[in-house]
Each structure stands twice: as C-alpha cells, then as structure tokens.
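Reading through the structure tokens given below for one structure.
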Amino acid sequence: MQILHVAFSIGYLYRFTRKREKLINPMNRASPPPPPSNSVQNQAMSESLPLPFLPNELVVEILSRLPVKSLLQFRCVCKSWMSLISDPYFMKKHLHLSTRSTHFTHHRIILSDTTAEFHLKSCSLSSLFNSPSTVCDDLNYPVKNKFRHDGIVGSCNGLLCFAIKGDCALLWNPSTRVSKKSPPLGNNWRPGCFTAFGLGYDHVTEDYKVVAVFYDPNEIYSECKVKVYSMATNSWRKIQDFPYGFSPYQNSGKFVSGTLNWAASHTVGSTSLWIIVSLDLHKETYREVLPPDYEREDCSTPSLSVLQECLCMNYDYKKTHFVVWMMKDYGTRGSWFKLVSIPYLPNPEDFSYSGPYYISENGEVLLMFEFDLILYDPRDNSFKYPKIESGKGWFDAEVYVETLVSPMKH
C-alpha cells in the first residue's frame with residue numbers, strides 16, 4: 001500500500017511538472033510574455049519547487065510492484081510511462097515479482113457460480129485467508145452465451161484458459177480484460193467423446209500453448225489424438241498421439257516445470273492402472289511420472305493439482321479423509337511426501353472435497369465442499385467457511401495471479 005501511495009505521488013509530480021514547465025517556459029507558449037509580476041511569481045515558484053528527479057531504475061522498481069489496476073491507470077500519466085508499462089521486459093519483471101509476492105497479495109481466485117446463467121466472480125485470495133468478509137468482483141466473460149457453462153481449464157502467468165464446447169479454447173487475462181479465442185479443433189466428435197485440455201508455457205520459445213487430447217471411446221484400438229495450439233501463431237498443430245493404451249481422465253492437464261500432466265488409466269489385459277502421463281511442452285515428448293506408494297485398495301481414483309508450483313496427487317481415503325501428496329522435486333519419485341490429510345465432517349449427502357486450490361505459508365488449505373469454499377488448518381484440525389459478499393454456491397474455481405501478460409501476439 002505504501003508503494004502505491006509513492007507511485008501516485010510520483011505520477012502527480014510528473015503531471016504537475018509538465019504543467020508548470022508550460023507556465024514558466026516561454027517557448028511552450030504562443031501568447032506574449034506575462035507581466036513582470038507574473039514573471040517574478042513564476043521565478044519564485046521555480047526556486048521554491050525544484051524539478052523532481054528520480055532515476056529510471058527507481059521508477060521501474062516502484063511501478064513493477066504495483067497491482068495491474070493501478071498500472072493501467074498510470075499509462076495515462078505520460079508517454080514514457082505508457083511505453084514503460086507496455087514494454088515486454090517490464091511485463092516480465094512485473095510477472096516475476098507478482099508471482100513471488102509475499103502474502104499472495106497479487107493472487108485472486110475466479111469462481112463460476114451454480115446459477116442457470118454463466119456468471120464469473122473474482123476475489124482476493126489474501127482476503128479469503130485473512131479477512132472475516134471478502135468482496136467479490138463480477139467479471140465480464142468475453143464469450144457471450146449466458147446459458148452455456150464453459151469449463152475452466154487452468155491458469156498460467158495470469159492467463160486463464162476456458163474450454164468452449166470441447167472444440168476450441170479461450171485465452172483471457174481478466175486483469176487487463178484482453179482475450180483471444182482459438183480456431184476450432186475440427187475433431188470428429190461423436191457421443192461419448194471428450195477433449196482433455198491443458199494450458200502451459202514453453203520457456204524456450206516463450207510461447208503459451210494449449211494442448212487438446214481427444215478421446216473417442218468408439219475407437220478401442222486407436223490412440224488419443226493430440227493437438228497443440230500456439231498463442232504466437234494462433235493455430236492448432238497435430239503432434240504425436242497420446243501413448244498407446246493410455247486414456248486421460250476427463251480432467252485438465254496440470255502445468256509444472258515446463259510439462260503438462262494428466263491423470264490417466266493404463267489398460268493391461270483386464271486390469272486398469274492409474275498413472276500420470278507427462279508431456280514436455282518444448283520437446284513434445286511423453287513420459288510416465290510414477291506416483292507415490294499410496295493406499296491403492298482403500299482410496300478413490302486420484303486426481304492432480306498444483307500447489308506451490310509442485311505437482312500434487314489427491315484422493316479420498318476410506319471416505320474418512322482427503323489425502324494430498326506433493327512431489328517436491330518434479331520427476332523424482334522419492335520426492336513425494338504426504339502433505340496433509342483432511343478429515344471429513346459428518347457428510348450425509350456423500351460430497352467430496354474439490355481442490356485443493358491453494359496453501360498458505362502457515363499451512364492452511366483452501367478447498368471446496370458442497371459448493372462452498374472452505375479453509376482447513378492442520379495446526380489445530382479446524383475448519384472455517386470464508387464469507388463472500390454477494391455470492392454463494394460455486395461450481396468451479398481457479399487461482400490466478402494479476403499480471404500484464406497479453407494473449408495477443410506482440
């Protein structure tokens with residue numbers, strides 16, 4: 001908050017300086033010179049208020065720590081600030097600082113409600129954890145079809161991805177309100193088919209990519225077809241099929257360490273095994289990521305999530321606990337450890353937890369239960385329901401960070 005006040009002060013001084021220079025510099029004025037009294041007054045003003053000077057490096061350091069909403073306003077201060085805030089280097093610096101900010105001050109969670117019409121809301125993650133009541137902002141979803149609920153695929157560096165009817169993807173930065181819709185996939189859809197999407201970032205080519213795995217149960221002996229959408233080229237491209245005998249579950253791929261990861265089933269004879277299939281976004285090669293040694297016989301089918309930039313595996317254990325494992329060193333099976341085991345409260349309708357969506361520095365876990373967000377604190381085994389103003393009942397959720405990353409090609 002102090003940095004924001006400093007930035008507003010700097011912006012005010014810049015504007016004031018430009019106006020004052022027009023008053024005291026006769027070259028900026030076509031009218032005759034002012035009377036002597038005004039000249040004396042302007043000279044006194046110049047002597048009493050020296051021109052402020054801040055090194056550009058300091059201005060960059062201050063502005064790069066501000067929320068996106070303020071930066072969008074500050075683009076109007078002067079041309080140099082407009083140029084700076086639009087500069088790719090500044091965007092990367094702001095992204096780096098935002099994703100690593102303490103107390104997740106730049107993080108928000110997007111929520112789709114359970115009403116018949118498709119409504120999206122967004123609220124501060126920090127407020128959910130630390131405030132007794134949280135205010136929600138209504139979001140203006142860029143695709144106009146109020147009775148179709150588009151699924152949230154995931155988020156990456158401030159970009160959100162939505163699956164539209166399983167045939168195309170929408171990339172959207174809700175902080176800047178800029179979006180782009182992909183061309184259609186053009187798959188031969190039939191009843192029973194589904195597309196498992198995933199959003200990630202190729203660090204080598206610096207390109208955001210959406211991967212679509214098309215599963216057709218009517219073709220038993222055929223591999224799942226896979227296409228990759230490049231944000232830079234705005235086109236889909238077919239790549240190597242999903243590994244033979246492996247079928248993704250109807251869930252989104254999770255982005256970790258340059259890879260997208262899907263929970264999948266592997267059929268061996270009459271046995272179906274649960275495994276993790278990983279796709280390297282740059283090399284476009286597949287590998288199997290081995291799960292931990294967990295209680296397979298007594299648990300539900302596991303799902304995947306991401307916490308603290310680490311891959312996590314989650315499942316219900318004997319319908320009494322929700323167990324979360326974390327892979328601290330991606331790709332190393334020995335780095336799996338049991339992060340938390342969350343007990344179920346008396347549950348007559350047999351609901352399951354969804355998530356987890358976030359874990360705070362002190363270990364509090366944000367999940368969803370019975371269409372409501374819930375916080376679990378393992379330190380005292382307690383639960384609390386964050387109060388959200390003007391909103392109740394959520395169908396889907398995704399955590400994202402406020403950034404300047406644009407889905408449009410620069």
field: Against the rule of thumb 2.2 N^0.38 Å, how large the Cα Rg of the stretch 100-401 comes out
entry: 0.98
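Ignoring ligands, DNA and RNA, how do MET82, MET91 rank by accessible area with a 1.4 Å probe, largest first?
Most to least solvent-accessible, the answer reads MET82, MET91.
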statement: Most fluctuating of PRO292, PRO184, PRO55 in the GNM of the chain (C-alpha, under 10 Å) is PRO55
query: Helix 36-48: angle to the longest alpha-carbon principal axis of the chain, degrees 0 to 90, nearest 10?
result: 40 degrees
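For the chain, what does the accessible surface come to per residue with a 1.4 Å probe? Please give it in Å².
52 Å²
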- line: Simple SL model, points at 7 angstrom along Cα→Cβ for ASP87 and HIS103; separation in nm is 2.9 nm
- prompt: Any idea how far the Cα center of the stretch 166-240 sits from the one of the stretch 95-133, in Å?
  reply: 26 Å
field: 19 Å Cα-Cα reach of LYS165 towards lysines, excluding residues that sit fewer than 8 places from it in its own chain
entry: LYS144, LYS146, LYS180, LYS181, LYS209, LYS225, LYS227
message: Along the Cα→Cβ direction, 7 angstrom out, place labels at GLU297 and GLU206. What is the inter-label distance in nm?
response: 5.4 nm
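How would you rank 318-324, 158-164, highest first, on the average number of other Cβ atoms within 10 Å across their residues? Don't jump to the answer; show the numbers that get you there.
Details: 318-324: 16.9, 158-164: 23.1.
So the order, starting with the most tightly packed, is 158-164, 318-324.
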query: Carbon-plus-sulfur fraction of the accessible area of the chain, 1.4 Å probe, in percent?
result: 54 percent
- request: Sticking with the crude label model, points 7 Å out along Cα→Cβ, report the distance from GLU288 to SER133 in nm, one decimal please.
  value: 5.4 nm
- request: Could you rank ARG100, ARG75 by how accessible they are, 1.4 Å probe, largest area first?
  value: ARG100, ARG75
- request: Leaving ligands, DNA and RNA out of it, rank THR195, THR403, THR114 by accessible area with a 1.4 Å probe, largest first.
  value: THR114, THR195, THR403
- request: Kindly report, to the nearest 10 Å², the accessible surface of SER272 as traced by a 1.4 Å probe over protein heavy atoms only.
  value: 80 Å²
query: Can you run phi through the Karplus equation (6.51, -1.76, 1.60; θ = phi - 60°) for the stretch 99-112 and list ³J(HN,Hα) in whole Hz, with x for Gly and Pro?
result: 5, 10, 5, 6, 6, 6, 5, 9, 9, 9, 10, 9, 10, 9
query: Can you give the angle from 0 to 90° between the axis of helix 2-24 and the longest principal axis of the chain, with both taken from C-alpha atoms, to the nearest 10?
result: 30 degrees
- request: Just tell me which aspartates and glutamates come within less than 17 Å, Cα to Cα, of LYS392; anything on the same chain fewer than 8 places away is out.
  value: ASP113, GLU117, ASP137, ASP138, GLU370, ASP372
- request: Please give the solvent-accessible surface of ILE62 in Å², to the nearest 10, using a probe radius of 1.4 Å with every protein chain present.
  value: 30 Å²
message: Test of understanding: in a Gaussian network model of the chain with alpha carbons linked when under 10 Å, which of ASP207, ASP167, ASP329 would top the mean-square fluctuation ranking?
response: ASP329
- line: Listed residues TYR294, TYR358, TYR330; largest mean-square fluctuation, Gaussian network over the chain with Cα springs below 10 Å, found at TYR294
- line: The lysines whose Cα lies under 23 Å from the Cα of LYS319, excluding any fewer than 8 residues away in the same chain, are LYS338, LYS384
query: What figure in square angstrom, to the nearest 10, would you give for the accessible area of SER390 with a 1.4 Å probe?
result: 90 Å²
query: Over the stretch 167-294, what is the mean sequence separation of C-alpha contacts under 8 Å (at least six apart), divided by residue count, expressed as relative contact order in percent?
result: 18 percent
- prompt: Does anything in the stretch 170-202 have its amide N under 11 Å from the 7 Å Cα→Cβ label point of VAL143, and if so which residues?
  reply: 170-172, 180-185
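The values are calculated or read from the model by the stated rules, or taken from the named source; none is laboratory data. Just so we're clear, the structure is a prediction, and the values are computed from it rather than from any experiment. As a convention, Cβ positions derive from the backbone with ideal geometry for all residues, glycine included, and neighbour counts pool all protein chains shown. Side chains are part of the model used for accessible areas, which takes the heavy atoms of the whole protein and leaves out ligands, DNA and RNA. Shrake-Rupley method; radii C 1.70, N 1.55, O 1.52, S 1.80 Å.
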